[in-house]
Amino acid sequence: MAIHTEAFKKVTEELSSKKVSLVAVSKTKSSKEILELYDLGQRDFGENYVQELTDKYEELPKDIRWHYIGHLQSNKVKFIAPFVHLIHSVDSLKLLKEINKQGIKNNRVIDCLLQVHIAREETKFGLDESELDELITNNFTTSSNYPNVGVRGLMGMASFTDDVEKVNSEFLLLKSLFEKYSKHTSVNFQFSILSMGMSADYKIAIEEGSNMVRIGSLLFGERSPLSQAGPF
Ligand SMILES: *Cc1c(COP(=O)(O)O)cnc(C)c1O
């Protein structure tokens, strides 16, 4: 399968004029396809599965910035901790503690986003508003108990629906939470990244204030239904 070169050029132009960064979501795609985008200048890639990510990390150029965007089990953090650029999907204190522990072992600060559950009627991973508030106020108030974690912002996924109003309001909610907690800073807690928007809804997400979009199928083509039945 060939990558969609024209779509890539169009999207990167559109995004750079709006200062929005692009994470090319390469889950289930081959290293060869990733290299095609790499050769066009793309450096940020997103993956959902730990094993797939570590295999691709071994195989591909070392200046790729790898984003982990899928549901992450605590016992798998150790495999990506040495090299992962940004974990978008922190949805529990337990996971955050483990990331800190692995950050210490690897002598680095691992940057993270807190994932918020904004899709009202679907079961997706993420913290709800009160869990988010609790996690932040209990753990990042004056000084951080987790010096090897850097909390850099929020991530969310809107409902899969044609209802633009609905998607709009979900992104709006995430944006308002982002603004609320942007005022709250401590050593390891400083928001700058709002990761929202995928192939189908990235334009809406940008209108609502996203500054990082995660786009897969638009760039790489559709994933096969089988391989798509991942952690969701
Ligand atoms: C697969 C995935 C994407 C990309 O989805 P597309 O519709 O292919 O653009 C973005 N974010 C997350 C968390 C994903 O799992």
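The values are calculated or read from the model by the stated rules, or taken from the named source; none is laboratory data. Computed from a predicted model, the values in this text were never measured in an experiment. Neighbour counts run over all protein chains shown; Cβ positions are idealised from the backbone, glycine included. Note: accessible area is taken over every heavy atom of the protein model, side chains too, but ligands, DNA and RNA are not part of it. Shrake-Rupley method; radii C 1.70, N 1.55, O 1.52, S 1.80 Å.
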In this structure, the FRET efficiency calculated for Ser130 and Lys94 from their beta-carbon separation, with R0 = 22 Å, to the nearest 0.05, is 0.80
Full extension between Ser224 and Ser16 adds, at 0.36 nm per residue less the Cα distance, a length in nm of 71.9 nm
log10 I(q)/I(0), Debye, Cα-only the stretch 52-159, no solvent, q = 0.13, 0.17, 0.18 Å⁻¹?
-> -0.48, -0.79, -0.88
Lys32-Ser176 pseudo-label distance in nm [points 7 Å out on the Cα-to-Cβ vector] | 4.9
By how many nm would the segment from Val187 to Val164 lengthen if fully extended, with 0.36 nm per residue of separation less the alpha-carbon distance?
-> 4.5 nm
The stretch 10-24 - phi-based ³J(HN,Hα) in whole Hz, Karplus 6.51/-1.76/1.60, Gly and Pro as x | 5, 5, 5, 5, 4, 6, 5, 5, 10, 6, 10, 8, 10, 9, 7
For the stretch 29-34, in order, what is each residue's ³J(HN,Hα) by Karplus, 6.51 cos²θ - 1.76 cosθ + 1.60 with θ = phi - 60°, in whole Hz (x at glycine and Pro)?
-> 8, 7, 4, 4, 5, 4
Using 0.36 nm per residue of separation minus the Cα-Cα distance, give me the extension gain between Arg65 and Ala7 in nm, one decimal.
-> 18.8 nm
With +1 on each Lys and Arg Cβ and -1 on each Asp and Glu Cβ, and nothing else charged, work out how big the dipole of the stretch 55-206 is about its Cα centre, in Debye to the nearest 20.
-> 760
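Taking the Cα centre as origin and putting +1 on Lys and Arg beta-carbons and -1 on Asp and Glu beta-carbons, what dipole magnitude results for the stretch 1-128, to the nearest 20 debye? Kindly include the intermediate steps, with their values, before the conclusion.
On the way: 20 positive and 19 negative charges, 98 e Å.
Dipole of the stretch 1-128, to the nearest 20 debye: 480 debye.
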Theoretical FRET efficiency, 1/(1+(r/R0)^6), r = Cβ-Cβ of Lys78 and Arg43, R0 35 Å, to 0.05 = 0.90
Set Lys94/Lys183; Lys27/Lys175; Lys166/Lys203; Lys76/Lys183 screened for pairs whose C-alpha atoms are more than 21 Å apart = Lys94/Lys183; Lys27/Lys175; Lys76/Lys183
Rounded to the nearest 500 deg cm²/dmol, what is the calculated helix-only ellipticity per residue at 222 nm for the chain, with -39500 (n - 2.57) per DSSP H run of length n ≥ 4?
-> -11500 deg cm²/dmol
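In whole percent, how big is the carbon plus sulfur part of the accessible area of the stretch 90-232, probe 1.4 Å, protein atoms only? Don't skip to the answer; put the middle values down first.
On the way: 3420 of 6720 Å².
For the stretch 90-232, the apolar C and S fraction of the accessible surface comes to 51 percent.
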Please pull out the direction-averaged projected area of the chain, using the convex hull of its alpha-carbon atoms, in nm² to one decimal place.
-> 12.0
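Sorted by packing (mean other beta-carbon atoms within 10 Å per residue), highest first, where do 208-219, 182-193, 152-163 land?
Numbers: 208-219: 22.0, 182-193: 15.0, 152-163: 20.2.
So the order, starting with the most tightly packed, is 208-219, 152-163, 182-193.
Of the peptides 2-15, 37-50, how do they stack up when ordered by the mean number of other Cβ atoms within 10 Å, highest first? It would help to have the intermediate numbers written out before the result.
On the way: 2-15: 15.0, 37-50: 18.8.
Top of the packing list down: 37-50, 2-15.
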Diffing the stretch 53-68: the Karplus 3J(HN,Hα) column from phi (6.51, -1.76, 1.60, θ = phi - 60°), in whole Hz with x for Gly and Pro, holds 5, 5, 4, 5, 4, 4, 7, 9, x, 7, 8, 6, 9, 8, 9, 9
Could the peptides 97-104, 174-181 be put in order, highest first, of the mean number of other beta-carbon atoms found within 10 Å of their residues?
-> 97-104, 174-181
